[in-house]
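Student: Below are the structure tokens for one structure; questions will follow.
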């Protein structure tokens with residue numbers, strides 16, 4: 001093993017024994033499905049251990065390094081394909097070959113850490129011999145490259161990362177539940193305490209979901225698939241999971257809870273985070289009490305929904321409770337647009353002088369009086385019955401919409417997806433919010449400026465989602481994401497390119513040829529540009545396929 005020790009890097013030790021993560025499970029699921037094999041693994045190898053960061057088709061979490069095929073791939077430093085294990089003198093006496101599960105096929109691709117050192121493999125196994133073509137190997141290498149990309153960056157929240165880094169190798173084993181490979185009860189309560197403290201200090205949204213379901217092991221992977229990487233999952237008791245939903249307000253958390261319950265059954269309790277100073281035992285008791293109180297409604301989640309909803313994408317709509325506010329109640333279109341302007345500002349605050357210049361440029365006392373009157377009208381309209389919070393405040397020359405006011409806005413939600421977000425769930429949510437152009441029908445200068453920016457963000461999100469789906473091999477999804485923006489996305493030739501690549505992978509060259517001609521005319525007539533070389537190459541590939 002001395003030779004192997006010189007090849008291996010420190011990255012492996014840093015994540016050894018860590019909880020399962022959806023980003024790696026997604027790759028092993030895809031490998032198992034693509035090659036129709038019973039077992040796929042993402043292994044991490046040390047001189048004395050072979051541990052599975054992700055495993056499909058087996059409940060094992062590690063295997064002896066002495067009978068590891070992956071070690072041979074790492075020593076070779078390249079992909080290893082073994083078609084007939086029972087006839088290979090190096091492996092035919094391995095107990096997993098001559099005994100259960102009687103393996104006959106192995107293919108593995110070494111994984112390298114950012115510093116270039118080897119850390120493990122992405123591999124597939126089968127109980128029958130099989131041929132593995134160059135095309136198959138290239139596909140497995142593509143998946144391995146995706147795994148290497150994931151190894152370069154952590155997707156944990158700062159609370160999870162801090163907990164892990166503050167623990168030594170022995171303590172780390174106690175942080176992971178061995179049955180479900182999620183965080184243990186001790187760990188998830190510590191993560192909840194850290195996130196509660198962060199939420200109270202920085203005003204970040206945070207919700208807690210306690211879910212009770214049967215067959216904990218089988219449900220754990222389903223739950224992980226629904227959570228964002230920065231949201232944590234832990235096993236609190238035998239069949240109870242605790243989810244720490246960072247960056248989730250009550251509406252988003254309730255939607256997630258309802259979706260989870262529809263898939264897993266059981267009962268759930270959704271609540272605000274407990275005070276960070278409470279001891280773990282107190283928090284646990286509080287959670288159990290809340291869950292017991294929800295036993296009479298096992299398939300429902302009781303969370304107060306926002307009482308005011310505002311839609312700015314497409315037609316401008318304001319809803320208070322279950323009723324849409326008629327345009328006439330605002331007294332004037334200018335008052336309606338003032339509300340839209342406030343909601344479209346990045347921090348929900350605007351300087352009074354800026355507002356007066358934009359809406360009442362005549363200035364002076366008349367402008368101030370008009371602004372005060374408009375704000376008074378909006379307060380009357382927006383404050384739901386029984387609500388004591390002021391929806392609009394004036395502080396030190398600014399008009400502010402307090403974040404604690406029970407209001408939901410599609411623009412605010414859309415902007416909550418960061419410009420560099422790599423979470424496909426967030427991208428899908430943002431795209432679903434975009435019902436049409438910002439403030440459709442409005443043509444003031446500030447509306448047009450924002451409309452262009454939101455439209456650019458929308459196309460960027462669509463392109464990013466399409467590329468992510470393509471990278472994981474879901475070509476139907478990448479095509480849907482790229483085509484979903486319609487003709488308005490044709491100016492983004494990178495988006496058109498991923499659409500063409502998806503269609504070619506799906507065996508639809510005729511669609512590429514037809515769409516290319518339409519896109520070419522659009523680019524020439526509307527934008528005065530020619531299609532890029534990439535589009536031309538994809539077009540010629542499609543024509544060649546048809547011929």
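The values are calculated or read from the model by the stated rules, or taken from the named source; none is laboratory data. No experiment lies behind these values; they were computed from the predicted model shown. A quick note on method: Cβ atoms are made from the backbone with ideal geometry, for glycine too, and the neighbour counts reach across all protein chains shown.
Student: How many residues does region 82-94 contain that are surrounded by fewer than 18 Cβ atoms within 10 Å (Cβ to Cβ) and in contact with a strand residue (DSSP E or B) (Cβ under 7 Å, 6 or more places away or on another chain)?
Tutor: 2
Student: Of these, 375, 382, 371, which one is in contact with a strand residue (DSSP E or B) (Cβ under 6 Å, 6 or more places away or on another chain) and either at pLDDT 90 or above or under 22 Å from residue 408 (Cα atoms) (or both)?
Tutor: None of the other options fit; the residue is 382.
Student: Further question: How many of the residues making up region 44-58 are more than 24 Å from the chain's Cα centre (by Cα) and part of a strand (DSSP E or B)?
Tutor: 6
Student: Kindly check whether there is at least one residue in region 138-146 that is out of contact with any helix residue (DSSP H, G or I) (no Cβ under 6 Å at 6 or more places or on another chain) and in a loop (DSSP other than H, G, I, E, B).
Tutor: Within region 138-146, not a single residue is out of contact with any helix residue (DSSP H, G or I) (no Cβ under 6 Å at 6 or more places or on another chain) and in a loop (DSSP other than H, G, I, E, B).
Listed here are the residues, each with its yes/no results for (1) modelled with pLDDT of 85 or more; (2) under 23 Å from the mean Cα position of the chain (by Cα).
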| position | (1), (2) |
| --- | --- |
| 259 | no, yes |
| 292 | no, no |
| 298 | no, no |
| 302 | no, no |
| 314 | yes, no |
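Student: Another one. For residue 201, are the conditions met, namely being without any contact (Cβ under 8 Å) to a residue 24 or more places away in the chain, assigned to a helix (DSSP H, G or I), surrounded by fewer than 20 Cβ atoms within 10 Å (Cβ to Cβ) and not assigned by TED's automatic domain parsing to the domain that holds residue 77?
Tutor: So residue 201 fits the description; yes.
Student: Take the residues in region 316-344 that are part of a loop (DSSP other than H, G, I, E, B) and more than 19 Å from residue 370 (Cβ to Cβ); name whichever of them is nearest to the chain's Cα centre (by Cα).
Tutor: That would be 316.
Student: Are any of the residues in region 485-503 in contact with a helix residue (DSSP H, G or I) (Cβ under 9 Å, 6 or more places away or on another chain), surrounded by fewer than 20 Cβ atoms within 10 Å (Cβ to Cβ) and more than 22 Å from residue 434 (Cα to Cα)?
Tutor: Within region 485-503, not a single residue is in contact with a helix residue (DSSP H, G or I) (Cβ under 9 Å, 6 or more places away or on another chain), surrounded by fewer than 20 Cβ atoms within 10 Å (Cβ to Cβ) and more than 22 Å from residue 434 (Cα to Cα).
Student: List the number of the failed condition for residue 153; all other conditions in (1) free of Cβ contacts under 8 Å to residues at least 24 places away in the same chain; (2) under 21 Å from the mean Cα position of the chain (by Cα); (3) part of a helix (DSSP H, G or I) hold.
Tutor: With respect to (1) free of Cβ contacts under 8 Å to residues at least 24 places away in the same chain; (2) under 21 Å from the mean Cα position of the chain (by Cα); (3) part of a helix (DSSP H, G or I), residue 153 is out only on (3).
Student: Looking only at region 335-349, count how many residues are surrounded by 14 or more Cβ atoms within 10 Å (Cβ to Cβ) and either in contact with a helix residue (DSSP H, G or I) (Cβ under 6 Å, 6 or more places away or on another chain) or at pLDDT below 90 (or both).
Tutor: Residues flagged as surrounded by 14 or more Cβ atoms within 10 Å (Cβ to Cβ) and either in contact with a helix residue (DSSP H, G or I) (Cβ under 6 Å, 6 or more places away or on another chain) or at pLDDT below 90 (or both) within region 335-349 amount to 9.
Student: Out of the residues in region 16-49 meeting the condition of being without any contact (Cβ under 8 Å) to a residue 60 or more places away in the chain and within 27 Å of residue 169 (Cβ to Cβ), tell me which one is surrounded by the fewest Cβ atoms within 10 Å (Cβ to Cβ).
Tutor: Checking each candidate, the answer is 48.
Student: Now a separate question. Here's a check for you: in region 50-71, which residue that is in contact with a strand residue (DSSP E or B) (Cβ under 6 Å, 6 or more places away or on another chain) and over 19 Å from residue 25 (Cβ atoms) is surrounded by the most Cβ atoms within 10 Å (Cβ to Cβ)?
Tutor: 69
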